[in-house]
Structure formats: structure tokens, C-alpha cells
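Everything below concerns the one structure shown next.
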Amino acid sequence: MNPRVRRSVGVTETLAVAVPAQSASPALDFDALYRDSRDDVFAYVAGLLRDRSAAEDVCAAAFERAYRRRRSFDARRGEPRAWLFGIARNAALDELRRRRRRASLAGDVPDVDAVGAEDAVEGALRRGVVRAALAGLEPRDRDLVALKFFAGLSNREIARVLGVSESNAGTMLHRAVQRLRRACDATP
Amino acid sequence: MRRRDVMDPEVERELAALDAALAGETVDELVRAVRAQRPEIRQEFARELDARVEAGFGGAGRGRRRLSVVRVSRRTLMPALGAAASLLAALVVVASLSSGGEEMQPSPQNAPSPARGGTAESLAEPSAKPPVTPEAGDRVVPEETLSATGVAPGAARRVERQASLVLTAPAGEVPEVSDGVIRATDEVGGIVASSSVSTGDDGRAGASFQLRVPTRRLDDALARLSKLGHVRSRTQSSQDVTGTFVSARERLDESLAERKGLLRQLAAADTRNETASIRERLRIVRAEISSARASLRRLRIRTDYSVVGVNVVAEGEGDGGAGGGNWTPRDAVRDAVRVLEVFAGAAVVSLAVLLPLGLLGLAAAAGARQARRRGRERALSTG
């Protein structure tokens, strides 16, 4: 018979903490997701569409769509943010398609309201260069830049949103950033 | 072999640097400038959106809940349909196996033996002519001599007889009783024209026979058959066909006499026209003789061999239905199995129709989804 082995000595106090139950597919906390992502979603959509008014409509539609589909969210298929941005991206692309029917996207006038406050001439000049470079990017590159710089998604989340592998998403992002750098350098 | 999903180290380094700059750990002018371009949400719009979210978008989620459930279950629709189809098919097979045995008609065991004169014709047509064998005690007599030997004055009348017998036996003894029926038929010189034997462990076991038994030994045959099991019913009927027989025989006699006279006339004919006329008349008479012979042959078979129908029923069979009696739990189980059989069969047929339609629908939905996705991506490509 094995004698009982004392594993702890000198223990004077024991603290019991309830461990939350982990389910295979935890329910989506939509409110928390909304609070965490509202501004990012808007920034992404506005950066992609370059139209504040349309971005507000698309952002609201995306959240409403996500709210309706919140029960179909499956944690095994990705993070909640990636799921939400996938919905937002689809809504934004639908808006782009609608706009394309009305007029060419290339003819869109950049939304001046989207520019932040200019408090210094040098900064303003620099931002103007970047804004022009962003405007000159291909929509696909602008999509990636908006996901990364405006929405703050990780490469893995971007991969989920785009439906590609993480390395593929990283490579695409890298190329987009390179093109953005070149565009900035080329802009007088 | 699947390619490894590996990123270029240089790209990986630059992405790491980008992440560090975005996190504020390092300084990158481009990152800072681009971040400065980040569109900020309008506070008024943010408050409106907050209010809409708090209100649940006017109950949008509740109204679409059912659609959401359908969407979720559609992912598992195919495996579920496959499982259901397999389950139903298995159910049908099990139910069919449990509900009875195989039908044998006729089996080599109970088919008429060539030695007994049984032929395919006799099996296919119960009323067909049974072969006459010396063992049957019936001499083959030329039709021309029937007037002298077949229905001689004072001879027995021609009577066509039929009998039917329903025997009951325990389900396990049905095969033995069936063997006994064949054996008894052989012993009286009869033949088994057709047979059907069902075997099974439950009350569905049974057998049915159509026998041809020499009429003169009909009573003997019925006595032997009755000993094989419990006689539930026994019926006999007879029909006197003497008049028909005599009439046919007289027609034959007249035709034969006419043919004889015509042959004499033919021998004495002088002219070609006379010869031709007699030959034509001879052709007609020969046809009449053939018809009369066939009638006589059929009548003789019907009267010389009696038709005996024997049904062997497993004990308990039909007690709850047509046979009356109590409706036992065993009957209930049997009925339940039959209901399941019918239900499962209908379900399988329905699935056979719905499954391809469902697959087509899913394929169409997948195609539409793919097309929508491509359309969205095109908005980026050409925008």
C-alpha cells in the first residue's frame, strides 16, 4: 500500500476560485464586440470607401447584419473581430458595387472631411502626401491598408477576413505597404 | 503533397517591424502618417448607432432567428440526410428480414418430378393437360375406339370433381407438412401442378399446392392429405359432364363415318372436279374430327383427374385478421412492423426524390454564393 505523500508543506491558507466553464463554442458577446470594434469598423469602411456618409450607412448595416447573424457565429472558424470585419467588408464591397454601377470608382472625389485636423504646416503637407498616395492605391491595396492601419487587425485576422492563408495575407499586406511607400516617395 | 505555408523571412521581418510601429514600439514615419489619416467616427452617428444596438436594431435579430437556425442546420444537412437515408434503408431491410421468409415457387423439392410426368406446361397452367402415365392406371386409348371403350353403354358417368383442403400446422412444421403433401400426391399417382412454400419463424409460414389427382383415387388422396395436419376446412364439388362427353363423342363418330364415306367416294371419283370437291370436303371433315378429338381429350382429363387445392397455414396465422380470434401482442408486433415497413418505404421513396433536389439546391446555393463573392472581389479589382 502506498503511503500518502504530502505535496505541500507550510500551507496556512487556501483560496478557492471558481473556474468559468469552457464550452466548445462560446456564445458571442455582441455588446462587447460592438464596443471594442465600433470605431475600428467605421475607420476601415471609411478608409475603403473614402466617403464618410456612405461609410456611416455601411457601418450601421454591417452591425445590424452581424447582430442578426450573431447566433450563427462559430468560434471554431475564427475570432469575433475577424467575423465582424468579414461582414463589414462584404457590406462595403456591396456598396462599392452599387457605386460602380452609378459611376466609376476612379472618378470619386476624396472625402475631405476624412482628413484630420491640420495643426502644423509640415504635418499637413506630409498628410497630404500620404492622403494622395492612399487615394492612388488600388482598391485591393487600400482594403489591406485600411484593415491593418485603420482597423488594427492582426495578420491572422486579416487572413480570416480575406479568406486566405496567414502567410498569403502577410505577403499581400507587405506588397501593399511597399506600393504605398513608393507612392509616397513618388508624390512631390 | 501540400505545400508548406511559409512566408519569406524578409517579408516576415518587415511585417514584424510594421506591427511594432503600429504598436508604438518603434517609429515609422509612414505608419504614423497613415495612422493620422484614420477616419474618426462622428460622435452624433456613434450615439445613434449605440442607441440602435441597445434597442436590438428594432428586434431584427428575433425576426430572423428562424432563418439563422435554418442556416446553421444547412451546414449539417448533407450528413444528416445521408444518415437518415441509411437509417431508413437499414430499417426497411431489418423489417423485411424480420417479417418473414422467402417465397419459393416452385422449389426443386416440390416441383413435379420428370418421372412423374410433370412438365413446365403443367406448372404454368393448372388446367393444362396432365400427362397420362401407366402408373396412373389410365390407358391411352385411340379416340376412334372411344365409342367402344371410353363410354360404353352402362359405363360409369363422366363426373368432373374438385376439392380444396386447408390444413393448419405449427410454423416450424410447415416444411414437413409440405413434403407430406408431395409424398401423398405421389403415392396416389397424382402430380403437383404448382406449389408455393413460404418459410419463416413467425406465423407467416405457409404453403399452397395445386394438385392433379386421379379421380378414382380422390377420396384416398384426401384421406392421406387430411392426416398431415389439422383440417381447418375441406370442400368438394362435382359436375356431371356426361352429356357433353357423349355429344362430343357422337360428333366425332359422325365425322369419322363421313370421312370413311368420302374416302370411298374419292376412290371412285372419275373427274378432276369431282376429286377436288371431295378433297375439299375431306379437309373440312378432318378439321371437325380434330376439334372433336380435342374436346374429348379435355373432357377426359377433367374427369379422370380431379383438381385438389391444398393450403397449409401456420397455426395462429390469420387468427387476428380474417381468421377471427383474439388480437394477440404478437399480432400487434407484426402489425407494428408492417406499419414501419410501409412508413420506411414511403420515407425512402420520398428521400429518393428529395435528396437529388436537395443536392441540386445546395449546389445552386453554393454557386450563387461563389458568384456573389466573386462579384464583390471584382468591385475591388476594377474599382
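Quick notes
- Pairs are defined by a Cβ separation below 6 Å, a sequence spacing of at least 6 or placement on different chains, a first member in segment B:166-191 that is assigned by TED's automatic domain parsing to the domain that holds B:Ser208, and a second member that is among the basic types (Lys, Arg); the pairs so defined are B:Val166/B:Arg232; B:Thr168/B:Arg232; B:Ala184/B:Arg224; B:Val188/B:Arg217; B:Gly190/B:Arg212; B:Ile191/B:Arg116; B:Ile191/B:Arg212.
- Exactly one residue out of B:Leu266, B:Leu218, B:Leu225 is surrounded by 15 or more Cβ atoms within 10 Å (Cβ to Cβ), part of a helix (DSSP H, G or I) and more than 36 Å from the chain's Cα centre (by Cα): that is B:Leu266.
- On the stretch given as segment A:61-95, residues that are within 13 Å of the chain's Cα centre (by Cα) and facing another protein chain (nearest Cβ under 7 Å) total 1.
- Unmet criterion (only one of (1) out of contact with any Ser or Thr (no Cβ under 6 Å at 6 or more places or on another chain); (2) in contact (Cβ under 8 Å) with a residue 60 or more places away in the chain; (3) of a type in the set (A, V, I, L, M)) for B:Leu218: (1)
- Residue under evaluation B:Glu125, criteria (1) surrounded by 15 or more Cβ atoms within 10 Å (Cβ to Cβ); (2) modelled with pLDDT under 80; (3) over 30 Å from B:Ala257 (Cα atoms), criterion not met: (1)
- Hey, B:Ser195 within 30 Å of B:Val337 (Cβ to Cβ) and touching a Pro at 6+ places or on another chain (Cβ under 8 Å) or not: yes
- Of residues in segment B:7-34 being at the interface with chain A (Cβ under 9 Å from one of its Cβ atoms) and not in a helix (DSSP H, G or I), the one farthest from A:Arg156 (Cα to Cα): B:Asp8
Here's the yes/no breakdown for (1) under 30 Å from B:Pro214 (Cα atoms); (2) among the polar types (S, T, N, Q):
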residue: B:Ser238; (1), (2): yes, yes
residue: B:Ser291; (1), (2): yes, yes
residue: B:Asp331; (1), (2): no, no
residue: B:Ser350; (1), (2): no, yes
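- Subset of segment A:142-157 [within 9 Å of chain B (Cβ to nearest Cβ) and of a type in the set (Asp, Glu)]: A:Asp143
- Residue check, B:Phe57 out of contact with any His (no Cβ under 7 Å at 6 or more places or on another chain), modelled with pLDDT of 65 or more, at positive phi and buried (at least 16 other Cβ atoms within 10 Å of the Cβ): yes
- Of all positions in segment B:223-237, none carries a residue that is under 30 Å from B:Ile284 (Cα atoms) and without any contact (Cβ under 8 Å) to a residue 60 or more places away in the chain.
- Segment A:39-60 residues that are without any contact (Cβ under 8 Å) to a residue 60 or more places away in the chain and at the interface with another protein chain (Cβ under 9 Å from one of its Cβ atoms), paired with ones that are surrounded by fewer than 24 Cβ atoms within 10 Å (Cβ to Cβ) and in a helix (DSSP H, G or I) (beta carbon under 6 Å, 6 or more apart): A:Glu56/B:Phe45; A:Ala60/B:Leu49
- Lone unmet requirement of (1) at the interface with chain A (Cβ under 7 Å from one of its Cβ atoms); (2) exposed (fewer than 13 other Cβ atoms within 10 Å of the Cβ); (3) among the acidic types (Asp, Glu) for B:Glu44: (1)
The values are calculated or read from the model by the stated rules, or taken from the named source; none is laboratory data. Everything numeric here is computed off the predicted structure, so don't read it as measured data. Neighbour counts run over all protein chains shown; Cβ positions are idealised from the backbone, glycine included.
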